[in-house]
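Everything on this sheet refers to the single structure shown next.
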Amino acid sequence: MKSIEDIAAALQGYDPQALSVEQVGEFLAHLVEPVSPQDARNVALFDALGRVLAHDVISPISVPPHNNSAMDGFAFDASQRQPDQALELRVVGTALAGKAWQGQVNAGECLKIMTGAILPDGLDTVVPQELTQVHTVHDVTTVTLAPNTVKAGDNRRLAGEDLMQGQPALRAGQHLTPAALGLLASMGLPEVCVHRRLRVAYFSTGDEILSLGEAPREGAVYDSNRYTVFGLLTRLGCDVIDMGVVRDDPVLLEAAFQQAAAQADAIITSGGVSVGEADFTKAMMKKLGDVAFWKIAMRPGRPMAVGRIGKSVLFGLPGNPVAVMVTFLAFVRPALQRMMGSTTSAPVFLRAKSLEALRKKSGRTEYQRGFVSTAPDGSLQVRAAGNQGSGVLRSMVEGNGLIVLHHTQGNVAVGDEVDVMMFDGVM
């Protein structure tokens, strides 16, 4: 396990007083390690949503297991028709989904077939019934296909076109989405092997922080960070250890850090890492762990602490509510995903045209709350969402994403394209 000093020495241009967002991401990639695969366990599919796969899933069967019809219609051998000529075929039976049709289909004949029914050997095309003319005379039914109605192979699902037996269906490190659960079920798998949930302890710090239920007092604010961090961690699929509010008292802080380190894979705190604040929190981090204190070239969220206490990774976030959420999304979430064993990459940015001019200071990364919508031409557009102050929580609710203005970027003019990190599924 590399020390903070070793990681810092390996990074080119590392300066804890002036780190870029990119350097922070690189540092954290060296700091955190995935949970041990020895702790993986099998869970039922209903309990697997949001979990991370511990091993590749190899398909035990082909899906679908047979060539079958993609719709209701008439199955026939397309080699017997000329594309520019009509074709008349005699119907010799009906194939239903769930069982193989027993019989023979010869030249000049076809089979009425339902969606999902097995295609008998020799039949390779299905014409939808609404594209045919059906005639019945003396118990003999025929269908007529107009010229150029279908091509060979139309409306046929091939055996194994979704999954082929013996081939990887899902890879280790994937998050199990609703679609992934359906894919697992389509292979007949009742359970799947996943990494254990990450255990994350969180507490707010500061004498000015009120817990819900306490009476208001002058100079104090209610603790919103505890609830936003809880929501972010829960959305990520972590087991959250809620430790409430810890006062600016060395004894209480030491007990809280030791308790968190004994229980959790990661510790998250808010407050106590800025210049000029009471330094009890910073002092206790230094006393108990291997910790670096950063000033990051970003807005909001400039101060941050990171390191280890015991075997737990520590993330000391700023105290301002928006700064907490921005630093979590930019740094903590990707780091926790790596610890969870996930192969999920860095946040995906969308491109959107700015509906207004945005002021931006070069030499830092800025995250502005934005509201993304669809323009009449189908492209994405974005406007700033409310007051951009780091303590203005309401704008995080009014927005649906963060406008990311990168380190070397300057002012943005109306119509310029910008990167946007969407909240959907994260916040």
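The values are calculated or read from the model by the stated rules, or taken from the named source; none is laboratory data. The model shown is predicted, which means the values in this text are computed figures rather than measured ones. Note that each Cβ is placed from the backbone with ideal geometry, even for glycine, and that neighbours are counted across all protein chains shown.
Answer yes or no: is there a residue in segment 278-295 that is at pLDDT below 95 and closer than 24 Å to SER395 by Cα.
No: zero hits.
Anything in segment 175-186 that is hydroxyl-bearing (Ser, Thr, Tyr) and in a helix (DSSP H, G or I)? List them, or say none. Steps first, please.
At the first step, the residues of segment 175-186 found to be hydroxyl-bearing (Ser, Thr, Tyr) are 177, 186.
The one that is hydroxyl-bearing (Ser, Thr, Tyr) and in a helix (DSSP H, G or I): SER186.
All but one of (1) assigned to a helix (DSSP H, G or I); (2) surrounded by 15 or more Cβ atoms within 10 Å (Cβ to Cβ); (3) in contact with a helix residue (DSSP H, G or I) (Cβ under 9 Å, 6 or more places away or on another chain) hold for GLN23, so report the exception by its number.
If we test GLN23 against (1) assigned to a helix (DSSP H, G or I); (2) surrounded by 15 or more Cβ atoms within 10 Å (Cβ to Cβ); (3) in contact with a helix residue (DSSP H, G or I) (Cβ under 9 Å, 6 or more places away or on another chain), just (3) comes out false.
So for segment 331-338 (the condition being touching a Lys or Arg at 6+ places or on another chain (Cβ under 9 Å), at pLDDT 95 or above and among the aliphatic types (A, V, I, L, M)), does at least one residue qualify?
no
State the number of residues belonging to segment 26-37 that are surrounded by 12 or more Cβ atoms within 10 Å (Cβ to Cβ) and either over 27 Å from the mean Cα position of the chain (by Cα) or assigned to a loop (DSSP other than H, G, I, E, B) (or both).
Going through segment 26-37, the residues surrounded by 12 or more Cβ atoms within 10 Å (Cβ to Cβ) turn out to be 26-35, 37.
Adding the requirement that they be either over 27 Å from the mean Cα position of the chain (by Cα) or assigned to a loop (DSSP other than H, G, I, E, B) (or both) leaves 32-35.
Count: 4.
Looking at ALA262, ALA335, ALA266, ALA346 in this structure, which one is touching a residue at least 12 places away in the same chain (Cβ under 8 Å) and under 30 Å from SER379 (Cα atoms)?
Every option except ALA346 fails the conditions.
Got a number for residues in segment 185-233 being farther than 18 Å from ALA323 by Cα and either among the hydrophobic types (A, V, I, L, M, F, W, C) or in contact with a strand residue (DSSP E or B) (Cβ under 6 Å, 6 or more places away or on another chain) (or both)?
If we filter segment 185-233 for residues that are farther than 18 Å from ALA323 by Cα, which is where we start, we get 185-201, 207, 210-220.
Then drop every residue that is not either among the hydrophobic types (A, V, I, L, M, F, W, C) or in contact with a strand residue (DSSP E or B) (Cβ under 6 Å, 6 or more places away or on another chain) (or both), which leaves 185-187, 189, 191-195, 197-201, 210-212, 215, 220.
Adding up the residues that qualify gives 19.
Before we move on, is ALA346 out of contact with any strand residue (DSSP E or B) (no Cβ under 9 Å at 6 or more places or on another chain) and either modelled with pLDDT under 95 or not in a strand (DSSP E or B) (or both)? Write out each step before concluding.
Values: out of contact with any strand residue (DSSP E or B) (no Cβ under 9 Å at 6 or more places or on another chain): yes; either modelled with pLDDT under 95 or not in a strand (DSSP E or B) (or both): yes.
It is true that ALA346 is out of contact with any strand residue (DSSP E or B) (no Cβ under 9 Å at 6 or more places or on another chain) and either modelled with pLDDT under 95 or not in a strand (DSSP E or B) (or both).
Could you please let me know if VAL105 is assigned by TED's automatic domain parsing to the domain that holds GLY301 and crowded, with 18+ Cβ neighbours inside 10 Å?
Working: assigned by TED's automatic domain parsing to the domain that holds GLY301: no; crowded, with 18+ Cβ neighbours inside 10 Å: yes.
For VAL105, the condition - assigned by TED's automatic domain parsing to the domain that holds GLY301 and crowded, with 18+ Cβ neighbours inside 10 Å - is not met.
In segment 203-233, how many are on the phi > 0 side of the Ramachandran plot and surrounded by fewer than 12 Cβ atoms within 10 Å (Cβ to Cβ)? Explain how you work it out, then say what you get.
Of segment 203-233, the ones on the phi > 0 side of the Ramachandran plot are 206, 213, 219.
Filter once more, keeping what is surrounded by fewer than 12 Cβ atoms within 10 Å (Cβ to Cβ): 213, 219.
Selection size over segment 203-233: 2.
Sort out which residues of segment 373-398 are surrounded by 15 or more Cβ atoms within 10 Å (Cβ to Cβ), of a type in the set (Val, Ile, Thr) and within 24 Å of the chain's Cα centre (by Cα), and write them in order of number.
Of everything in segment 373-398, just one residue is surrounded by 15 or more Cβ atoms within 10 Å (Cβ to Cβ), of a type in the set (Val, Ile, Thr) and within 24 Å of the chain's Cα centre (by Cα), namely VAL382.
With respect to VAL404, determine if the residue is crowded, with 19+ Cβ neighbours inside 10 Å, touching a residue at least 12 places away in the same chain (Cβ under 8 Å), touching a Leu at 6+ places or on another chain (Cβ under 6 Å) and within 21 Å of LYS361 (Cα to Cα). It would help to see each step written out before you state the result.
Working: crowded, with 19+ Cβ neighbours inside 10 Å: yes; touching a residue at least 12 places away in the same chain (Cβ under 8 Å): yes; touching a Leu at 6+ places or on another chain (Cβ under 6 Å): no; within 21 Å of LYS361 (Cα to Cα): yes.
Against the criterion (crowded, with 19+ Cβ neighbours inside 10 Å, touching a residue at least 12 places away in the same chain (Cβ under 8 Å), touching a Leu at 6+ places or on another chain (Cβ under 6 Å) and within 21 Å of LYS361 (Cα to Cα)), VAL404 does not qualify.
Could you list all residues from segment 72-92 that are in a loop (DSSP other than H, G, I, E, B) and at pLDDT 95 or above?
Within segment 72-92, the first condition is being in a loop (DSSP other than H, G, I, E, B), and the residues that meet it are 72, 77, 81-86.
Answer for segment 72-92, where residues must be in a loop (DSSP other than H, G, I, E, B) and at pLDDT 95 or above: ASP72, ASP77.
Could you tell me which of the residues ASP154, ASP121 is within 42 Å of the chain's Cα centre (by Cα) and either of a type in the set (Asp, Glu) or in a loop (DSSP other than H, G, I, E, B) (or both)? Let's see the steps before the verdict.
Values: ASP121 fails: within 42 Å of the chain's Cα centre (by Cα).
Of ASP154, ASP121, the one residue that is within 42 Å of the chain's Cα centre (by Cα) and either of a type in the set (Asp, Glu) or in a loop (DSSP other than H, G, I, E, B) (or both) is ASP154.
For segment 147-158, what are the residues that are modelled with pLDDT under 95 and out of contact with any helix residue (DSSP H, G or I) (no Cβ under 7 Å at 6 or more places or on another chain)?
Listed by number, the residues that qualify are PRO147, ASN148, VAL150, LYS151.
Filter segment 187-240 down to residues that are β-branched (Val, Ile, Thr) and not in a helix (DSSP H, G or I) and give me whichever is farthest from GLN258 (Cα to Cα).
Of all residues in segment 187-240, those β-branched (Val, Ile, Thr) come to 192, 194, 200, 205, 209, 221, 228-229, 234, 240.
From the residues that got through so far, the ones that are not in a helix (DSSP H, G or I) too are 192, 194, 200, 205, 209, 221, 240.
Values: VAL192: 35, VAL194: 29, VAL200: 14, THR205: 15, ILE209: 21, VAL221: 26, VAL240: 16 Å.
Checking each candidate, the answer is VAL192.
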